[in-house]
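Structure first, commentary second.
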Amino acid sequence: MHRSAPPSGPVVAARRVGAAARLLAAPAGGLLLYASCAPRTLWWLAVPAFALLAVALRGRGNRAAFTAALLFGLGYYLPLLPWVGIYVGPVPWLALAGLQAVLVGLGGMLIARVQRLSLGMLWAAAGWVATEALAARVPFGGFPWGRVAFSQADGPFVRLAALGGPPLVGFAVALTGFALAELIQRALAAARTGPTPPAGPVPRWRPWMPPAAGAVLPLVVALLCPAWITGAGGEVGPDEGVTVAAVQGNVPRMGLDFNAQRRAVLDNHVRHTLELADDVAAGRAPEPLLVVWPENSSDIDPLRNPDAAAAISSATDRIGVPVMVGTVLVLDGRRTTNSVLVWEPGVGPVEQLDKRRVQPFGEYLPWRGFFRLFSDYADRAGYFEPGTGTGVASVDGVEVGVAICWEVAFDDLVAQSVDNGARLLAVPTNNATFGISEMTYQQLAMSRVRAVQHDRAVVVASTSGASAIIAPDGSEMRRSALFTPATLVERVPLRATTTMATRLGSLPEWLLVVAGVGALAWTLRRRPRREPAGGPGEPTATTREDNDG
């Protein structure tokens with residue numbers, strides 16, 4: 001039987017170089033995705049990031065796809081999350097980044113398979129949404145911090161948040177990148193082999209249309225989002241609004257022990273509120289409807305400590321308007337709640353909102369005995385109990401939605417507040433435990449995306465910065481510096497309109513998840529197409545799957 005000659009040395013070398021280049025494309029894409037995130041405004045880098053991911057996954061079998069996507073995830077999450085271990089060592093940082101990368105690796109297996117289908121870039125983008133949906137829910141309630149939408153606060157794609165929330169933004173960015181990769185690969189193949197003669201009456205340009213549309217239409221749709229989708233204006237008059245204030249009192253020092261001087265933190269916020277009251281009385285500042293203090297602005301329970309209550313009352317009585325006080329309330333023994341109290345002048349606390357989703361490994365520790373084997377810092381994790389409620393407080397007749405710290409990363413919690421009537425959003429947060437890092441800017445980008453998604457102004461109050469007042473279009477009206485006392489006062493519009501994203505809720509995400517998983521199911525019931533994955537001289541998709549699993 002005749003056997004074909006083995007490939008020559010140069011051919012084998014070229015294949016090895018090509019395979020190495022494709023493998024390097026994955027972590028390079030992850031690094032580009034990281035570079036698109038705040039505090040940088042390089043949102044557009046997310047598009048070539050996904051183009052590189054598409055190249056790395058094209059034609060891969062399960063094992064190779066998992067490895068490539070894992071490298072993409074490590075390239076993204078390792079530089080994104082070092083603040084997790086800034087004071088506790090590298091183990092939590094590496095563990096969290098590694099876990100997120102594994103989830104990306106699982107998503108990569110899905111994406112690599114559905115890329116082989118007709119309109120594969122579409123199903124691949126839906127597969128990315130499914131990957132993010134999984135990471136936002138497991139384990140321990142999920143970690144949606146690295147969602148692609150949060151890298152787009154400064155770009156035009158963010159406008160799609162008003163249509164379908166962060167899942168649609170992530171889908172649009174991924175689709176644009178995957179389609180761009182398809183266009184480039186078609187162009188390279190045409191350059192190697194020359195123009196392909198048309199098959200019958202089919203125009204030569206027709207195969208180029210799907211990737212061209214995928215590369216252009218998401219951005220066009222984002223730029224053309226009309227007011228009936230975004231909710232801007234609507235039934236609320238252009239001059240209807242309120243003045244709000246955010247107080248950033250600062251902390252005595254950075255690090256895990258910043259609240260060892262808890263009274264100093266409280267006194268800082270009291271003092272700056274008194275100074276604001278003096279400015280209002282002298283006409284140097286407008287009177288606000290409410291003042292927002294950060295999370296942990298009073299780590300002394302004012303419901304149990306009369307001195308703390310007296311200090312807070314002195315500030316609210318002087319300013320003459322309600323103050324939202326971020327505090328820790330003691331339940332019994334070591335159990336606590338991370339709460340916001342609405343403190344009215346002359347009355348005291350009239351409303352309490354507890355953090356609905358507490359942070360694993362910070363506010364509570366799952367499997368405490370197990371993780372104590374790896375780090376003494378396990379005993380520093382709190383015993384916080386999650387709260388229930390609507391996520392809305394009524395302040396002088398205005399419904400204010402409250403997302404405490406990392407709650408702003410979760411779609412359902414912010415949506416619940418808006419569904420329950422919030423016309424303004426407040427995000428009290430404490431970033432002092434993460435020092436001078438990118439964490440605060442990453443979180444601030446989330447608040448900007450939420451503003452666009454729900455057409456609401458957002459007041460972000462941080463103990464140490466960056467605090468900000470954000471307009472409904474996501475722009476920053478005012479922002480403070482890190483570890484600098486600041487008081488931000490601004491008039492913001494009140495909105496009662498609802499965007500398409502608010503009305504649809506989680507439906508866009510689930511539709512995209514079903515599309516991605518459904519496409520995967522379709523590939524599992526049919527044999528992969530036997531066609532070249534990257535041009536002449538390369539193994540076919542089927543051959544690759546047989547070779548690398």
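Listed by Cβ neighbour count within 10 Å, with the fewest neighbours leading, Val220, Val398, Val270 appear as Val220, Val398, Val270.
When the GluC sites (Glu not before Pro) in the range 407-478 are filtered for DSSP coil states and for at most 14 other beta-carbon atoms within 10 Å of their beta-carbon, no site remains.
Once the Cβ-Cβ distance between Met477 and Thr193 is put in as r, and R0 is 51 Å, what FRET efficiency do you end up with, to the nearest 0.05? The value I calculate is 0.40. Mind listing which trypsin sites (Lys or Arg not before Pro) in the range 239-332 are in a DSSP loop and have 15 or fewer other Cβ atoms within 10 Å? In loop regions of the range 239-332 (DSSP not H, G, I, E or B), the sparsely surrounded trypsin sites (Lys or Arg not before Pro) are Arg253, Arg284, Arg304.
The charge dipole of the range 241-498, taken about its Cα centre with unit charges on the Cβ atoms of Lys, Arg (+1), Asp and Glu (-1) only, comes to about 360 debye.
Between Leu303 and Glu287, the modelled labels are 3.0 nm apart [label points 7 Å from Cα along Cα→Cβ].
Here the range 143-160 is scanned for amide nitrogen atoms under 17 Å from the site 7 Å beyond the Cα of Asp412 along Cα-to-Cβ, giving 143-145.
Separation of the range 399-442 from the range 60-91 is 25 Å, based on Cα centroids.
For the pair Val216 and Arg525, a Förster radius of 45 Å applied to the C-beta separation gives a FRET efficiency near 0.85, rounded to the nearest 0.05. Look at where the Cα atoms of the range 255-329 and of the range 130-163 average out, and the two centres are 33 Å apart. Beta bridges assigned by DSSP with both partners in the range 241-498 are antiparallel in approximately 65 percent of cases.
Quote the FRET efficiency, to the nearest 0.05, computed for Arg63 versus Asp332 with a Förster distance R0 of 30 Å and r equal to the Cβ-Cβ distance.
Plugging the Cβ-Cβ distance into 1/(1 + (r/R0)^6) gives 0.05.
Beyond 22 Å, what share of the Cα-Cα pairs of the range 426-535 remains, rounded to the nearest whole percent? More than 22 Å apart: 52 percent of the Cα pairs in the range 426-535. Amide H contacts of Leu290 (H built 1.01 Å from N, in plane; Pro and chain starts excluded): Ala245 sit under 5 Å, all sequence-distant by 5 or more or on other chains.
Rounded to the nearest whole Hz, the Karplus-based 3J(HN,Hα) values (6.51 cos²θ - 1.76 cosθ + 1.60, θ = phi - 60°) of the range 71-81 follow the sequence 5, 4, x, 5, x, 8, 7, 4, x, 6, 10, with x at glycine and proline. Summarising the amide proton neighbourhood of Gly474: residues at separation of 5 or more, or on other chains, whose placed amide H is nearer than 5 Å comprise Val452. The Rg/Rh ratio for the range 30-167 is 0.96, where Rg is the radius of gyration of the alpha carbons and Rh is the Kirkwood radius. Across the options Gly505, Leu494, Val460, the greatest Cα extent toward the positive end of the charge dipole of the range 397-532 (unit charges at beta carbon of Lys, Arg, Asp, Glu) belongs to Gly505.
Ranking Gly241, Gln442, Ile319 by Cα position along the charge dipole of the range 241-498, where only Lys, Arg, Asp and Glu carry charges on their C-beta atoms, puts Gln442 farthest toward the positive end. If you wrap the range 241-498 in the convex hull of its Cα atoms and look at it from every side, the mean projected area works out to 12.9 nm². When the scattering of the range 95-149 is computed by the Debye formula from its Cα atoms alone, each counted once and equally, what is log10 I(q)/I(0) at q = 0.21 Å⁻¹? Calculated log10 I(q)/I(0) at the listed q: -0.73.
Quick note: the coordinates plus some simple rules give every number you see, no bench work behind them. Values in this document were obtained by computation on a predicted structure and should not be read as measured data. Cβ coordinates were reconstructed from backbone atoms using ideal geometry, including for glycine residues, and neighbour counts include every protein chain displayed.
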